[in-house]
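The values are calculated or read from the model by the stated rules, or taken from the named source; none is laboratory data. The shown structure was predicted, so the numbers you read here are calculated from the model rather than taken from an experiment. Cβ coordinates were reconstructed from backbone atoms using ideal geometry, including for glycine residues, and neighbour counts include every protein chain displayed. These area figures cover heavy atoms from the full protein model, side chains too; ligands, DNA and RNA do not enter into them. Shrake-Rupley method; radii C 1.70, N 1.55, O 1.52, S 1.80 Å.
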Amino acid sequence: RCTSGSSPGSSPLSAPASLLSARMMIAVLPTLVGLVLQPMPRREALASAAAAVLTVASPACAKGPKNSVYFTNVKDGDTVPSTFTYKFEVTGYALSPAAAGLKEGTGHHHMIIDAPTAFVKSGEAIPMDATHKHYGKAQSEGELELEPGKHKITLQFANAYHESYGKEFAKTITVNVNGA
């Protein structure tokens, strides 16, 4: 059974792949046994088996959303004013303030301006300085004021200790900042 809106770790969406495979086999097994024990035309048997597998293994139930972060109001190559509010989202994990402490499957955003790399390695702490902006109150937007020209901005998701979740939770774009 596929549910939505459950807390992290409590739904089939967050189950390990082996557990999902076991659940799928348990759900499909009665149909497969029925196919063996009851004579029926081959086409009908295949249709029944396919329907059983699709019901249990539909993409919505088979695995959770892809883990990622992304900007919602700007894309790579866009031109923006020098002061601009960037909006961002996360999928696969939930936003949580750093003050709430470590909680599995949660974190908060960081924006990194003109970093030499496209992401902060998994487990590395994100520095607190002028080029690393922290949104530790679980904000989903942040304003940057940048000099005119081309800038590389990396959105990076991290845990309550500001330890990066790595490449999977990073998105780098280049923006062209207009002059005043």
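Numbers below:
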quantity: Leading residue by the ranking (nearest to the chain's Cα centre (by Cα)) among those in the stretch 112-124 that are farther than 11 Å from ALA158 by Cα and open to solvent by less than 50 Å² (accessible area, probe 1.4 Å); calculated: ILE112
quantity: Complete set of residues in the stretch 87-115 that are among the polar types (S, T, N, Q) and under 16 Å from GLU141 (Cα atoms); calculated: THR91, SER96
quantity: Residues of the stretch 79-104 satisfying the condition of being in a strand (DSSP E or B) and touching a helix residue (DSSP H, G or I) at 6+ places or on another chain (Cβ under 8 Å); calculated: VAL90
quantity: The one condition in (1) touching a strand residue (DSSP E or B) at 6+ places or on another chain (Cβ under 8 Å); (2) outside any strand (DSSP E or B); (3) open to solvent by 80 Å² or more (accessible area, probe 1.4 Å) that LYS171 fails to fulfil; calculated: (2)
quantity: Test result for TYR70, open to solvent by less than 40 Å² (accessible area, probe 1.4 Å), at pLDDT 95 or above and not in a loop (DSSP other than H, G, I, E, B); calculated: no
quantity: Per-region count, the stretch 131-157, residues in a strand (DSSP E or B) and open to solvent by less than 80 Å² (accessible area, probe 1.4 Å); calculated: 14
quantity: Lone unmet requirement of (1) out of contact with any helix residue (DSSP H, G or I) (no Cβ under 7 Å at 6 or more places or on another chain); (2) crowded, with 17+ Cβ neighbours inside 10 Å; (3) part of a loop (DSSP other than H, G, I, E, B) for ALA160; calculated: (1)
quantity: Residue within the stretch 169-177 that is in contact with a Leu (Cβ under 6 Å, 6 or more places away or on another chain) and under 14 Å from TYR70 (Cα atoms) present; calculated: yes
quantity: Residue within the stretch 120-130 that is of a type in the set (Asp, Glu), more than 26 Å from ASN178 (Cβ to Cβ) and part of a loop (DSSP other than H, G, I, E, B) present; calculated: yes
quantity: Answer residue from the stretch 105-119, given it is in contact with a Phe, Trp or Tyr (Cβ under 9 Å, 6 or more places away or on another chain) and in a loop (DSSP other than H, G, I, E, B) and is nearest to GLU168 (Cα to Cα) among those; calculated: PHE119
quantity: Filtered residues of the stretch 131-163 (kept if closer than 14 Å to LEU95 by Cα and of a type in the set (S, T, N, Q)); calculated: GLN139, SER140, GLN156, ASN159
